[in-house]
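Worksheet for the structure shown next.
The values are calculated or read from the model by the stated rules, or taken from the named source; none is laboratory data. Just so you know, these numbers come straight off a predicted model, no measurement behind them. Reconstructed Cβ throughout: ideal geometry from the backbone, glycine too, with neighbour counts over all protein chains shown. Accessible surface areas use protein heavy atoms only, side chains included; no ligands, DNA or RNA. Shrake-Rupley method; radii C 1.70, N 1.55, O 1.52, S 1.80 Å.
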Amino acid sequence: MGYDVHLTRAARWLESETAPIALDEWLEYVEANEGFRHDGFAVATVDGSILRVESEGLSVWTAYGKNRPNGG
C-alpha cells in the first residue's frame, strides 16, 4: 500500500498553487532533516511490471514508523 503526503502552506492542499513551496526550499528542508531522504524517483511493482516515476523533489519520509521492507 502506498501513501501520498502533500505538504503545503495553503489551507487546502488542492489550493497549494496559491502558496507554493519552491523546489530549492524543499530540497534544503530535506537535506537538513534526518527524517527525510531525497531520491528523485520512486519504484513499485504493478501487475508484475516495474513502474518508475521520476520527480526532482521526490523524497522519502524515512522517519515514518512503517517505512521498512514489507511495511513492517
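Results, tabulated for the structure shown:
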item: Under Karplus coefficients 6.51, -1.76 and 1.60, residue-wise ³J(HN,Hα) of the range 19-24 in Hz, glycine/proline x; result: 9, x, 9, 5, 4, 5
item: Potential extension, residue 54-residue 28 segment - 0.36 nm per residue separation minus Cα distance; result: 7.5 nm
item: Helix-only [θ]222 nm of the chain, DSSP H runs n ≥ 4, -39500 (n - 2.57) each, per residue, nearest 500; result: -4000 deg cm²/dmol
item: Residues whose placed amide H lies under 5 Å from that of residue 39, excluding near-sequence neighbours; result: 59, 60
item: Carbon and sulfur %, accessible surface of the chain computed with the full protein complex present, 1.4 Å; result: 52 percent
item: Where the chain is the region considered: accessible area per residue in Å², 1.4 Å probe; result: 87 Å²
item: Ranked order, 26, 61 - accessible area, probe 1.4 Å, largest first; result: 61, 26
item: Among [x] 66, 23, 18; [y] 39, 26, 21; [z] 34, 25, 17, the entry derived from the coordinates for Cα extents along the principal axes in Å; result: [y]
item: Contact order normalised by residue count of the chain, Cα under 8 Å, 6+ apart, percent; result: 22 percent
item: Note, ³J(HN,Hα) from phi for the range 42-49, Karplus 6.51, -1.76, 1.60, rounded to Hz, x at Gly and Pro; result: 9, 10, 8, 9, 10, 6, x, 10
item: Two-site FRET efficiency, residue 5 against residue 45, from Cβ-Cβ distance with R₀ of 22 Å, rounded to 0.05; result: 0.55
item: Heavy-atom accessible area order for 3, 29, largest first, 1.4 Å probe; result: 3, 29
